[in-house]
Amino acid sequence: MSRKPKCRICRKKAIIYMPHHRLALCKEHYLPWFERYVERTIKEFKMFSKKDRVLVAVSGGKDSLALWFLLRKLGYEADGLYIDLGIGDYSLRSKRKVEKLANTLGAKLFIENLSEDMAPLPELKGITNREACSLCGMVKRYNFNKVAKDKGYRVLATGHNLDDEASALFSNVINWNIKYLGRKFPVLREEEGFVRKVKPLCKLTEKETALYSILRGIDFLEEECPYSEDANTIFYKQVLNQIEEKFPGTKLRFYLEYLRKVYPVFKEEKEGMGSCKVCGEPSPTEVCPLCRLKDKMINLNLTGRSSTG
Ligand code: SF4
Ligand code: ZN
Ligand code: ZN
């Protein structure tokens with residue numbers, strides 16, 4: 001076993017060693033390093049500037065809350081958006097964490113309630129063949145974009161970290177999902193009907209963002225969503241972690257090399273988008289999946305507001 005690493009800057013006992021950067025840091029030096037690293041990522045990918053209003057999609061977990069906290073700390077105009085999915089006590093607890101941070105930051109927080117607009121996620125799941133996470137992803141993507149536009153934000157930021165991005169990439173490469181390879185970039189520029197989407201934590205691991213949140217005293221929800229065991233990405237994350245353990249640095253390299261070498265080759269593969277004839281939001285089909293689901297609810301005589309009114 002090697003000696004306990006020392007902070008590269010002050011030689012005190014390190015709190016973290018990041019083999020992919022060959023860097024060990026103590027608490028005092030880790031926090032500013034993390035913040036500068038995110039700021040550099042924002043600039044590297046031209047995500048946004050201090051002139052932009054940024055809406056941060058917050059779930060109550062460590063990544064999105066760390067991102068919100070940090071953007072405010074760096075002086076960006078960043079407000080929060082929470083989608084209440086109605087997943088029982090889990091949603092209640094996560095909402096409380098988000099509200100608590102909004103109070104601490106003195107920042108605006110928008111809350112969209114899925115139960116009011118349609119039905120709680122567990123109920124919606126019962127009327128479709130989709131897995132909970134796929135349904136949830138669809139509902140969130142729709143609402144993130146729509147709320148950001150309606151409230152006048154040009155940029156929507158999410159807390160996806162390196163583990164999220166690398167594992168999603170891994171599963172899509174394994175399945176040769178070429179369309180995916182042309183779509184995943186830390187910045188998706190605004191297009192007709194879409195606000196800009198950015199992922200400022202995309203080069204930081206789950207462990208690094210968790211440590212940042214803990215050291216900054218951010219009160220986040222540690223508990224996983226009850227549906228998270230369905231998520232295939234957890235499996236791919238575990239496989240990647242095993243590879244990382246044997247070959248440190250693989251995860252970051254896998255992701256960065258994709259951005260540098262693979263994304264530019266496939267980025268033409270994007271599908272053209274029309275508008276949903278019911279709600280007017282961007283949609284690859286005549287009626288968007290969300291409006292189709294709303295119609296299904298109406299046909300089944302379930303509660304939920306009609307998409308037309
Ligand atoms: Fe949604 Fe699945 Fe995440 Fe739960 S685990 S919040 S259902 S995407
Ligand atoms: Zn130090
Ligand atoms: Zn629609």
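With r as the distance between the Cβ atoms of residue 247 and residue 111 and R0 = 51 Å, compute the FRET efficiency 1/(1 + (r/R0)^6) and round to 0.05. Efficiency, from the Cβ-Cβ distance: 0.75. Put a plus charge on the Cβ of each Lys and Arg, a minus charge on the Cβ of each Asp and Glu, and nothing anywhere else: the dipole of the stretch 192-272 about its Cα centre is then about 620 debye. Centre-to-centre separation between the Cα atoms of the stretch 171-192 and those of the stretch 122-146: 20 Å. In the context of the full set of protein chains, residues of the stretch 45-177 present 41 Å² of accessible surface per residue (probe radius 1.4 Å, heavy atoms only).
Averaging over all projection directions, the Cα-based convex hull of the stretch 187-263 occupies 7.7 nm² in the image plane. In this simple spin-label model, placing a label point 7 Å from the Cα along the Cα-to-Cβ direction at both residue 36 and residue 179 gives a separation of 4.3 nm.
Applying both filters, DSSP loop and at most 14 other Cβ atoms within 10 Å, to the GluC sites (Glu not before Pro) of the stretch 98-133 gives 131. Rolling a 1.4 Å probe over the protein heavy atoms of the chain, with every protein chain left in place, gives an accessible area that is 50 percent carbon and sulfur. The GluC sites (Glu not before Pro) of the stretch 157-211 meeting both criteria, a DSSP state outside H, G, I, E and B (loop) and at most 10 other C-beta atoms within 10 angstrom of the site's C-beta, are 192.
Accessible surface ranking for 136, 279, 1.4 angstrom probe, highest first: 279, 136. If the chain linking residue 285 and residue 52 were pulled fully straight, counting 0.36 nm for each residue of separation and taking away their Cα-Cα distance, it would gain 80.8 nm.
Report the one residue of 29, 280, 115 whose Cα lies farthest in the direction of the positive end of the charge dipole of the chain (charges on C-beta: Lys and Arg +1, Asp and Glu -1; origin at the Cα centre). Final value for the positive-end residue is 29.
Classify the chain: rounded, prolate or oblate, from the alpha-carbon gyration tensor (a ≥ b ≥ c, eigenvalue square roots; a/c under 1.5 rounded; otherwise prolate if a/b is larger than b/c)? Here the chain falls in the prolate category.
Normalising the average separation of contacting C-alpha pairs (under 8 angstrom, six or more residues apart) by the number of residues puts the relative contact order of the chain at 19 percent.
Counting Lys and Arg as +1 and Asp and Glu as -1, each charge on the Cβ, what is the dipole of the stretch 24-176 about the Cα centre in debye, to the nearest 20?
Charge dipole of the stretch 24-176: 500 debye, to the nearest 20.
Across the chain, the longest piece that holds none of the trypsin sites (Lys or Arg not before Pro) lying in DSSP loops with up to 14 other C-beta atoms within 10 Å covers 190-269. Between the alpha-carbon centres of the stretch 195-238 and the stretch 1-46 there is a gap of 19 Å. The figure for residue 300 is an accessible area of roughly 90 square angstrom, using a 1.4 Å probe on the protein chains alone. Length gained on full extension, residue 299 to residue 267, computed as 0.36 nm times the residue gap minus the Cα-Cα distance: 7.6 nm.
Remark: the chain carries a charge dipole of roughly 1580 debye about the Cα centre, counting +1 on each Lys and Arg Cβ and -1 on each Asp and Glu Cβ.
The values are calculated or read from the model by the stated rules, or taken from the named source; none is laboratory data. None of the values given here were measured: they were computed from a predicted structure. We place every Cβ from the backbone using ideal geometry, glycine too, and count neighbours over all the protein chains shown. Each accessible area value is taken on the protein alone, full model and side chains, heavy atoms only, with ligands, DNA and RNA left out. Shrake-Rupley method; radii C 1.70, N 1.55, O 1.52, S 1.80 Å.
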